[in-house]
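Here is the structure we will look at, set down as structure tokens.
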Amino acid sequence: MAMKMESDLNRFRKIVRGKIKKELRRFISSGDLVGRQGNKRITIPLPRIDIPHFSFGNREKGGVGQGDGEVGDTVGQGQPQPGQGQAGEGEGQHSLEVDVTLEELAQILGEELALPNIQNKGKENIEDKKYKYSGILKKGPESLRHFKRTFKEALRRSISTGDYDPDNPVIIPVKEDKRFRSYRITHEKVANAVIVYMMDVSGSMGDEQKEIVRLTAFWLDTWLSTQYNGLERRFIIHDATAREVDSDTFYKTKESGGTLISSAYKLAMKLIEDNFNPHEWNIYLFHFSDGDNWSGNDTADCMKILESSLLPISNMFCYGQVESRYGSGQFLRDLHKHFGETNEGITTCQIKDRDAIMDALKIFLGKGR
């Protein structure tokens, strides 16, 4: 029975994964999953899953133009319409909500987009302590007491001394019976990563553009979190000046000033220099904008900062241009002109709308860097 239940459960999981894959583009673009996350799990609404079966019709049931009657007879009202008549007893349309871990969701994303695993760097320089319980001791803190081993020792002592009564099997451990878990510390090489998100919050970036950035960032986080043991996120917003903010401020701030993109790149460089050694950290830089910049001189400064400072120290620099009717889109063309469209160090993508988010994820993460 247990083996059959496990088989049925595995089959159900395969069906659920298939349903999620089929609807993945819709999930990515709608944002439903972002609002349903909690405790590293996602609640996904799926259509009702039914086992295929034959449905037999009623041969006695007549259709249009069938049955007894004469020309001129009054036609009845037909089938009741929704909202009419008494309360019904039939089934309606049902949906099923399934809990999926973020790790499972990332696996589905990786399979659907054929994403390669990230090639980490920095493993030789960062160590993480791990505590492994490896034995039993006669002394230790009460928080580490092993209750099962303690009871066995008490039972063994009670039987050996003749105190054990099968008719009244009460076992009371004494101090000598207590056993405690022991542990040892192991040092494991780990790869840590930091994501620096930068976004233009000038007047030309509206709420829809910011929502596209939020959804894209969620799926980037979901994938990269499965590739690294430690993942930090930093957020920079900019118009004519740049400043570091928390995630809530990052997605909700709206300014009305001009745009100097170089201010964000300079702040990102300072943030990395102060907190993240490029030899020990995997650094990912994502910049989102509608392509407007204040002047050609500032664009030239951006190219210099990228070429001399940011690109050499980062795993990847990604620029996502979110389409806006107020934005010129010029910065993307300037990047292509300066670096070319196939430069290994820089990845660019034009995100026209929510439906393009899935394609952007494939472009950003497809290099496995």
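The values are calculated or read from the model by the stated rules, or taken from the named source; none is laboratory data. Predicted, not measured: the structure shown is a model, and the values here were computed from it. Note that we place each Cβ from the backbone using ideal geometry, even for glycine, and neighbour counts take in every protein chain shown. Just the protein is used for accessible areas: all its heavy atoms, side chains included, with ligands, DNA and RNA removed. Shrake-Rupley method; radii C 1.70, N 1.55, O 1.52, S 1.80 Å.
Counting 0.36 nm for each residue step from Lys19 to Lys337 and taking away their Cα separation leaves a gain of 110.3 nm. As a calculated quantity, the FRET efficiency between Glu176 and Ser134 at R0 = 25 Å, using C-beta atoms, amounts to about 0.65. Share of carbon and sulfur in the accessible area of the stretch 147-261 stands at 47%, probe radius 1.4 Å.
For the pair Asn275 and Lys152 in one chain, pulling the backbone fully straight at 0.36 nm per residue adds 39.1 nm over the alpha carbon distance. If you take the square roots of the eigenvalues of the alpha-carbon gyration tensor of the stretch 211-369 and sort them as a ≥ b ≥ c, do you get rounded (a/c under 1.5), prolate (a/b over b/c) or oblate? Rounded, since a/c falls under 1.5. Using the Cβ of Gln209 as centre and a radius below 15 Å, the other residues enclosed give a net charge of -4, where K and R count +1 and D and E count -1.
Which sequence of Ile136, Ile346 reflects their accessible areas, 1.4 Å probe, from the largest down?
Ranking Ile136, Ile346 by accessible area, largest first, yields Ile136, Ile346.
Each Lys or Arg adds one and each Asp or Glu takes one away; over the other residues whose Cβ falls under 15 Å from the Cβ of Asp334, this sums to -4.
Please calculate how many Å² of accessible area the stretch 151-272 carries per residue, with a 1.4 Å probe and no DNA, RNA or ligand atoms counted. Please list the in-between numbers first.
Details: 5810 Å² over 122 residues.
With the other protein chains kept in place, the stretch 151-272 gives 48 Å² per residue.
Charge tally around Ser262: other residues with Cβ under 10 Å, Lys/Arg +1 each, Asp/Glu -1 each, net 0. Using the average count of surrounding beta-carbon atoms within 10 Å as a protection proxy, the listed peptides 327-334, 262-269 rank, highest first, as 262-269, 327-334.
With a ≥ b ≥ c taken as the square roots of the eigenvalues of the C-alpha gyration tensor of the stretch 247-308, please select rounded if a/c is under 1.5 and otherwise prolate if a/b is larger than b/c or oblate if it is not? Oblate is the answer for the stretch 247-308, as a/c is 1.5 or above yet b/c matches or exceeds a/b.
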